[in-house]
Number of protein chains: 2
Amino acid sequence: MGVPSASPLFLREPEIRRGVELLYFGYSHMTGAIDKTLEKQGLGRAHHRALYFIARQPDMPVSELLRLLNITKQSLGRVLTDLADRNFVESRQGQRDRRQRLLRLTPTGSALETELFEALREKMGAAYAEAGQESVTGFWRVLEGLVPVHLRDRIASLNSGS
Amino acid sequence: MGVPSASPLFLREPEIRRGVELLYFGYSHMTGAIDKTLEKQGLGRAHHRALYFIARQPDMPVSELLRLLNITKQSLGRVLTDLADRNFVESRQGQRDRRQRLLRLTPTGSALETELFEALREKMGAAYAEAGQESVTGFWRVLEGLVPVHLRDRIASLNSGS
DNA sequence: GCAGATGGGACACCCATGTTGACGTATTAT
DNA sequence: ATAATACGTCAACATGGGTGTCCCATCTGC
């Protein structure tokens with residue numbers, strides 16, 4: 001054990017840079033897919049993120065959304081006010097804890113989220129199909145490793161919880 | 001062929017949403033890794049993106065950087081002015097076309113880029129190591145599929161060209 | 001050699017989205 | 001009763017995008 005083990009080849013600089021760049025451009029392109037639709041509605045990406053996660057987990061309390069998005073109350077407040085004014089999101093009082101406001105989409109909001117998701121599905125689905133199922137598994141695994149542990153549970157529960 | 005072939009299972013909504021979410025959180029976390037260092041320098045992420053790609057392709061003309069980053073001349077100009085003022089980036093006249101300004105990092109700029117890259121390498125390397133080489137290949141394949149074709153060549157040439 | 005296209009820089013101005021800090025109120029927990 | 005929590009809201013500010021306009025140097029095609 002006196003000899004330090006060499007980094008595997010895929011941990012060398014070019015391979016890391018390739019990942020960094022593909023992640024940057026891939027992310028940019030995915031998010032770019034919804035810009036036209038958002039603009040038609042006069043909304044921005046911040047609105048979409050809120051819309052998206054509320055769709056994923058109806059009756060999500062504000063505090064949970066704050067933790068997911070990792071932004072301040074003020075920033076989220078602006079966005080939620082907009083979405084409520086435009087009748088995309090409504091909130092009701094929590095029954096277990098009446099201080100909480102549980103967020104959910106209105107039918108209008110749900111329709112918009114669906115439309116936006118279709119654009120994402122088109123991009124992501126094409127990439128999945130082009131790469132194949134095995135690649136998709138690897139894609140998930142690497143990204144999971146990039147996400148801090150405490151968030152992994154939260155993300156997983158988006159699927160099971162809804 | 002009269003029967004439409006069903007979508008493969010990995011193209012269904014939950015699998016697409018999983019990719020969308022992991023890509024969002026993974027990207028957030030990767031970029032978050034350099035925020036502290038950038039703040040120490042009084043720079044933002046926009047500065048880092050310019051720094052990064054200039055490091056990747058020394059003597060890159062401004063127009064090429066504009067195409068890569070997909071922002072306006074005005075936005076890039078602000079960033080490049082900052083970087084030049086702080087002696088991180090220098091430019092010289094192109095010899096083939098003297099209208100061009102070829103950008104490269106100064107030694108100081110190069111040292112900063114290296115420091116920032118180390119933070120990225122730590123995150124991305126940990127994710128690679130956790131997922132394994134096969135997963136990394138899949139990760140690349142899916143992301144390549146997300147990137148528009150004309151950009152793929154440009155990204156590929158970052159590796160061969162430097 | 002000149003006209004038009006191109007590369008680059010700069011101006012003023014606006015918008016979206018993030019930040020901090022402070023404060024208020026309802027509700028829950030100790 | 002008091003402290004902590006969940007939420008909302010105010011003012012003020014920073015960053016990093018965008019637009020439109022104008023300018024200069026230089027290259028290219030006719």
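The values are calculated or read from the model by the stated rules, or taken from the named source; none is laboratory data. Quantities reported herein were computed from a predicted structural model and do not represent experimental measurements. Backbone-built Cβ (ideal geometry, glycine too); neighbour counts: all protein chains shown. Keep in mind that these areas ignore ligands, DNA and RNA; they rest on the heavy atoms of the full protein, side chains included. Shrake-Rupley method; radii C 1.70, N 1.55, O 1.52, S 1.80 Å.
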Practice item. Given the conditions (1) over 23 Å from A:E144 (Cα atoms); (2) over 16 Å from the mean Cα position of the chain (by Cα), report the number of the one that A:F25 does not fulfil. Key: (1)
Practice item. Identify the residue in region B:82-96 that is touching a strand residue (DSSP E or B) at 6+ places or on another chain (Cβ under 8 Å) and in a helix (DSSP H, G or I) and, among all such residues, is nearest to DNA strand C (Cβ to nearest atom). Key: B:A84
Practice item. Quick one: A:Y52 ticks every box in (1) assigned to a helix (DSSP H, G or I); (2) in contact with a Leu (Cβ under 9 Å, 6 or more places away or on another chain); (3) more than 14 Å from chain B (Cβ to nearest Cβ) except a single one, so which number is it? Key: (3)
Point to revise | Selection within region A:53-67 - open to solvent by 10 Å² or more (accessible area, probe 1.4 Å) and away from DNA strand D (no atom under 12 Å from the Cβ) | key: A:A55, A:R56, A:Q57, A:P58
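Matching residues to (1) open to solvent by 10 Å² or more (accessible area, probe 1.4 Å); (2) away from DNA strand C (no atom under 16 Å from the Cβ); (3) in contact with a Phe, Trp or Tyr (Cβ under 6 Å, 6 or more places away or on another chain):
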| residue | (1), (2), (3) |
| --- | --- |
| B:R98 | yes, no, no |
| B:L102 | yes, no, no |
| B:P107 | yes, yes, no |
| B:S110 | yes, yes, no |
| B:E122 | yes, yes, no |
| B:A127 | no, yes, no |
| B:A131 | yes, yes, no |
| B:E134 | yes, yes, no |
| B:T137 | yes, yes, no |
Review point. From the residues in region A:16-31 that are within 13 Å of DNA strand D (Cβ to nearest atom) and open to solvent by 20 Å² or more (accessible area, probe 1.4 Å), which one is nearest to the other protein chains (Cβ to nearest Cβ)?
Key: A:Y27
Review point. Where residues in region B:61-81 are in contact (Cβ under 8 Å) with a residue 40 or more places away in the chain and within 14 Å of chain A (Cβ to nearest Cβ), which of them is farthest from DNA strand C (Cβ to nearest atom)?
Key: B:L68
Check your understanding: In region B:32-45, what count of residues is obtained for those that are within 13 Å of chain A (Cβ to nearest Cβ) and within 12 Å of DNA strand C (Cβ to nearest atom)?
Key -> 3
Practice item. Being of a type outside the set (S, T, N, Q) and within 7 Å of DNA strand D (Cβ to nearest atom) is the filter; apply it to region A:68-93 and report the residue that is surrounded by the fewest Cβ atoms within 10 Å (Cβ to Cβ). Key: A:K73
Check your understanding: Would a scan of region A:141-152 turn up a residue that is in a helix (DSSP H, G or I), open to solvent by less than 20 Å² (accessible area, probe 1.4 Å) and touching a Leu at 6+ places or on another chain (Cβ under 6 Å)?
Key -> yes
Point to revise | Residue list for region A:103-134, filter: closer than 17 Å to B:L23 by Cβ, at the interface with another protein chain (Cβ under 7 Å from one of its Cβ atoms) and of a type outside the set (K, R) | key: A:L120, A:M124, A:G125, A:A126, A:A127, A:Y128, A:A129, A:E130, A:A131
Point to revise | B:E134 vs. criteria within 19 Å of B:Q41 (Cα to Cα) and of a type in the set (D, E) | key: no
